[in-house]
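Report on the structure given below.
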Amino acid sequence: MNKFSIFTKGLIKENPTFVLLLGMCPTLATTTSALNGMSMGLATLFVLVLSNMAISAVAPYVPDKVRIPAYIVVIATFVTVLEFMMKAFTPAVYDTLGLFIPLIVVNCIVLGRAEAFASKNPVLDSALDGLGIGLGFTLSLTVLGLVRELLGSLSAFGLKIIPGDGILAFVLAPGAFIILGYLMVVFNKIFKK
Amino acid sequence: MEYLIIILSAILVNNVVLSQFLGICPFLGVSNKLSTAFGMSGAVCFVITLATVVTYLLQNYVLVPLGIEFLQTISFILVIAALVQMVEIVLKKTSPSLYQALGIFLPLITTNCTVLGVAISVVTKQFTFGGEAHMLNLAEATVYALATAVGYGLAMLIFAGIRERLSANNVPAALRGIPIALITAGILALAFMGFANLA
């Protein structure tokens, strides 16, 4: 596999949300608006790239039996770094995403890529893989957030597009499930033959 | 009275799956059959309650006195992972029948974000249950964790029941599998919104 296809496979062919169905909790919980979805995606991207690189660098020296706890410690370290950086530089975003920032530790995308890709591949490839999967995740979260924001408050990225009130249920919990379900149908219709 | 409000609120009003979006992966993954859903809910109940008590003590008697709260995420996840392993070993020795029922679900629980989510919430967030906002004490935290787990089980069992019936129906090809499950969960969440002003 060449470098370019390692990077691009995460966008559509192995899209974490629509194809691999990983990381559903932040996907549903943080996509109340396009911006929130995008911030969550970028936060995950940050952890994914760094933990992929670190894990691919240390993987040959980690005994097979303790590899999962070792990977979790590496991931938790980067999540803690991210937490402090977000608290310092983007406190407003940190407050909206709240609990779901520390919960990146148990996001199955991150551990999944560590186990399936980073532990067997060189550092550069792992970074590209993390970047591709992370961008695919960011993309799907932004789209889901955008649709929910459009229907729920008739705005996009915080800008009011149509005057009036939207359908509140789409911003609340039920809308997350229903919109993701229908987006998945659309994705399957377009990309899966 | 306050405990009653905690229980009602955690099970129905702020249902962990349907309004807080924690533990969605197992919620979608093992809810095909009622019996597996039951096993998973039992294991989650057990681990959440135990993990919350242990992490609560860890936070208040180790991390805070030593001034190392920044290790919260790392230490909590390690404690939960170790705890799950320990529960597995103890269960295997003392109650083989329970181990048979819960066994395969236990390793999955480490990455169930409900456990870490509840553990972090009870030590960082202030709750209002009827009275003014305050940090939970150990008894309240335990009741809250147990009630949350019961809410998880409730949502899981209702959902598994619906999905068992769904599998016998003629669903349009594009919606088959996860999409229809998500839409079902959405309608279920809509139903749970009816509890909003209960507690």
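The values are calculated or read from the model by the stated rules, or taken from the named source; none is laboratory data. Here the structure is a predicted model, which is why all the values come from computation and not from measurement. Cβ placement follows ideal geometry from the backbone for every residue including glycine, while neighbour counts extend to all protein chains displayed. SASA here: full protein model, heavy atoms, side chains in, ligands and nucleic acids out. Shrake-Rupley method; radii C 1.70, N 1.55, O 1.52, S 1.80 Å.
Tabulated values for the structure
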read-out	value
Residue among B:VAL64, B:VAL47 that is among the β-branched types (Val, Ile, Thr), open to solvent by less than 20 Å² (accessible area, probe 1.4 Å) and more than 9 Å from chain A (Cβ to nearest Cβ)	B:VAL47
Test: residue in the stretch A:58-68 that is more than 10 Å from chain B (Cβ to nearest Cβ), more than 30 Å from A:GLU149 (Cα to Cα) and touching a helix residue (DSSP H, G or I) at 6+ places or on another chain (Cβ under 6 Å)	yes
Residue that is open to solvent by 50 Å² or more (accessible area, probe 1.4 Å), hydrophobic (A, V, I, L, M, F, W, C) and farther than 18 Å from B:SER41 by Cα, where the choices are B:ALA174, B:ALA191	B:ALA191
Members of the stretch A:17-38 found to be of a type in the set (A, V, I, L, M), assigned to a helix (DSSP H, G or I) and closer than 18 Å to A:VAL105 by Cα, listed by number	A:MET24, A:LEU28, A:ALA29
Test: residue in the stretch A:148-156 that is surrounded by fewer than 23 Cβ atoms within 10 Å (Cβ to Cβ), modelled with pLDDT of 90 or more and within 23 Å of A:LEU35 (Cβ to Cβ)	yes
Condition broken by B:VAL79, with the remaining ones in (1) assigned to a helix (DSSP H, G or I); (2) farther than 24 Å from B:GLU140 by Cα satisfied	(2)
Elements of type helices (runs of 4 or more DSSP H) contained in the stretch B:1-60, each with 3 or more residues being over 24 Å from B:LEU138 (Cβ atoms) and more than 14 Å from the chain's Cα centre (by Cα)	B:34-58
Sole residue being crowded, with 24+ Cβ neighbours inside 10 Å and either more than 9 Å from every other protein chain (Cβ to nearest Cβ) or not in a helix (DSSP H, G or I) (or both), chosen from A:GLY130, A:GLY166	A:GLY130
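Table: residues versus (1) exposed (fewer than 15 other Cβ atoms within 10 Å of the Cβ); (2) closer than 21 Å to A:CYS108 by Cβ; (3) within 11 Å of another protein chain (Cβ to nearest Cβ); (4) of a type in the set (A, V, I, L, M, F, W, C).
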site: B:LEU8; (1), (2), (3), (4): no, no, no, yes
site: B:VAL13; (1), (2), (3), (4): no, no, no, yes
site: B:PRO26; (1), (2), (3), (4): no, yes, yes, no
site: B:MET40; (1), (2), (3), (4): no, yes, no, yes
site: B:ILE74; (1), (2), (3), (4): no, yes, yes, yes
site: B:ILE80; (1), (2), (3), (4): no, yes, yes, yes
